[in-house]
1. Among A:181, A:135, which is the only one that is within 14 Å of another protein chain (Cβ to nearest Cβ) and not in a helix (DSSP H, G or I)?
2. Of the residues that make up segment A:148-162, is at least one within 14 Å of another protein chain (Cβ to nearest Cβ) and farther than 23 Å from residue A:216 by Cα?
3. Can you confirm whether residue B:100 is touching a Pro at 6+ places or on another chain (Cβ under 8 Å), crowded, with 20+ Cβ neighbours inside 10 Å and within 14 Å of chain A (Cβ to nearest Cβ)?
4. Looking at this structure, is residue B:110 among the charged types (D, E, K, R), free of Cβ contacts under 8 Å to residues at least 24 places away in the same chain and over 24 Å from residue A:123 (Cα atoms)?
5. Go through A:173, A:205, A:217 for me and flag whichever is over 23 Å from residue A:4 (Cβ atoms), buried (at least 20 other Cβ atoms within 10 Å of the Cβ) and among the aliphatic types (A, V, I, L, M).
6. Go through B:90, B:39, B:47 for me and flag whichever is crowded, with 17+ Cβ neighbours inside 10 Å, outside any strand (DSSP E or B) and either modelled with pLDDT under 95 or away from chain A (no Cβ under 14 Å) (or both).
7. Only one of these conditions is not met by residue A:188: (1) within 17 Å of the chain's Cα centre (by Cα); (2) in contact (Cβ under 8 Å) with a residue 24 or more places away in the chain. Which number is it?
8. If you go through segment B:134-150 one residue at a time, do you hit one that is surrounded by fewer than 19 Cβ atoms within 10 Å (Cβ to Cβ), in contact with a Phe, Trp or Tyr (Cβ under 7 Å, 6 or more places away or on another chain) and in contact (Cβ under 8 Å) with a residue 60 or more places away in the chain?
Amino acid sequence: MTALITAPDPAVWITLGLTLKVAAWATGINLVLGVAVGWLLARKAFPGRELVDAILTLPFVLPPTVLGYYLLVVIGRRGWLGSWLYDTFGINLIFTWQGAVIAASLVAFPLVLKAARTAFEAVDPQLEQAARVLGLGEWAVFFRVTVPLAWPGILAGTLLVFARSMGEFGATLMVAGSIPGKTQTLSIAVYEAVQAGQDSIANTLVLITSVTCIVVLLLAGRLVPPGTRR
Amino acid sequence: MSFTVDIAKSVGGTRRRFELRVAFETTASRTVIYGPSGAGKSLTLQAIAGLLVPDSGRILFGGETLFDSGARVHVPARARRFGYLFQDYALFPGLNVRQNVAFGLSSGLRNPPRDAGGEAVERWLDALELREVALQRPDELSGGQRQRVALARALVNDPRALLLDEPFSALDPELRQRTRAELDRLLTRIGIPIVMITHDPEDIGWFGERTLYLRDGGIHERPANDPQGP
């Protein structure tokens, strides 16, 4: 009879580190892009605004494997962006951790976009007007008035992105594969362990994943102030 | 100091359009624009402040062109150096009284620190009796205190003129009369020109050195029911 849980192999910690690294990068990228695009959608009326919103929300409803396929078409070695990157800079994203970051970023993007857009729409434009009359330029208005007021909503969306990126499976597997120590994240390692019948390893990985996610959620609860202060 | 305003602006969607057509000139130190709600008073004041771009026309202050559609001149709100008192004050909710008052003294990307000071801030905290509440947030203040914070914030930058949007409408009736007297004394002391918009006839007696009547999107020199009218 095998043990229910094995003592974690050193490789498990490498997998956990890689998972956190991918999730952290995806969160950082999404924070910047989500704030910028969320602000545009909330504040700038342009033709096709809702169509742009719908297209950017697609990753939320499409199967991750479909997203992974799209990514292969775009950034794969023969993809239109991927071939240019390889020919010009010698950069290859497929089967790399950077590819996993791109996959996780794409899948989680709607979460921060929705949160940021809603948060920006809730900011009273009169407060921005007040700041302009007081002599502030547009960047100062954005960083001193708009962002602080929208911050609780943006932060909540960002933490969801982190959680979603940690658990990403389908698109990551298609783009980055499952190379232990290089691109194999926790969720993929669990799948591999179960496929190989290594139940005790799977149990260990599941336990580590669950504990990490609980810690993230607890941190999120402490970071986001109760009720959205205005 | 004189204001010359001659502007047209069409606002609203296809279903409900509002045509504003306002032309007046005033050299009075206190000008009141009186009219019912929906007559276009706020739009007029916003255009003077630079918060609203008219479709056509021009706005001059003391010979300086602030807006001229023909010459394609639009001085942005931040460069007009007017004080603006918003109807519900538009205080920054996350900042304390000191930070609100000091807000316009720096135009960088960071808000003033919690203990923001300086000669002008201290002077206005004293002048408007705000020292006691200097470290409190706007939601902890009474209506009268909030108005005084908004006034201090507008005046701390030494504006060239003060624009007031229904300054007493958010106050209790018994507080209104006392606040009018206080503002009257303050304006006499600092001697900067004001333009006040209101729908309360009482304000005309206090501040209407020159009174303009706005109705149906146009300016008139006499009230609607004046026997010498139109």
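1. On the way: A:181 fails: within 14 Å of another protein chain (Cβ to nearest Cβ).
Of A:181, A:135, the one residue that is within 14 Å of another protein chain (Cβ to nearest Cβ) and not in a helix (DSSP H, G or I) is A:135.
2. yes
3. Details: touching a Pro at 6+ places or on another chain (Cβ under 8 Å): yes; crowded, with 20+ Cβ neighbours inside 10 Å: yes; within 14 Å of chain A (Cβ to nearest Cβ): yes.
In short, yes.
4. Values: among the charged types (D, E, K, R): yes; free of Cβ contacts under 8 Å to residues at least 24 places away in the same chain: yes; over 24 Å from residue A:123 (Cα atoms): no.
No, not satisfied.
5. Values: A:205 fails: over 23 Å from residue A:4 (Cβ atoms); A:217 fails: buried (at least 20 other Cβ atoms within 10 Å of the Cβ).
Being over 23 Å from residue A:4 (Cβ atoms), buried (at least 20 other Cβ atoms within 10 Å of the Cβ) and among the aliphatic types (A, V, I, L, M) holds for just one of A:173, A:205, A:217, which is A:173.
6. Working: B:90 fails: either modelled with pLDDT under 95 or away from chain A (no Cβ under 14 Å) (or both); B:47 fails: either modelled with pLDDT under 95 or away from chain A (no Cβ under 14 Å) (or both).
It is B:39.
7. Result: residue A:188 passes all but (2).
8. Taking every residue of segment B:134-150 in turn, none turns out to be surrounded by fewer than 19 Cβ atoms within 10 Å (Cβ to Cβ), in contact with a Phe, Trp or Tyr (Cβ under 7 Å, 6 or more places away or on another chain) and in contact (Cβ under 8 Å) with a residue 60 or more places away in the chain.
The values are calculated or read from the model by the stated rules, or taken from the named source; none is laboratory data. Just so it is clear, the model here is predicted, and its values are computed rather than measured. Positions of Cβ are backbone-derived with ideal geometry, glycine not excepted, and every protein chain shown enters the neighbour counts.
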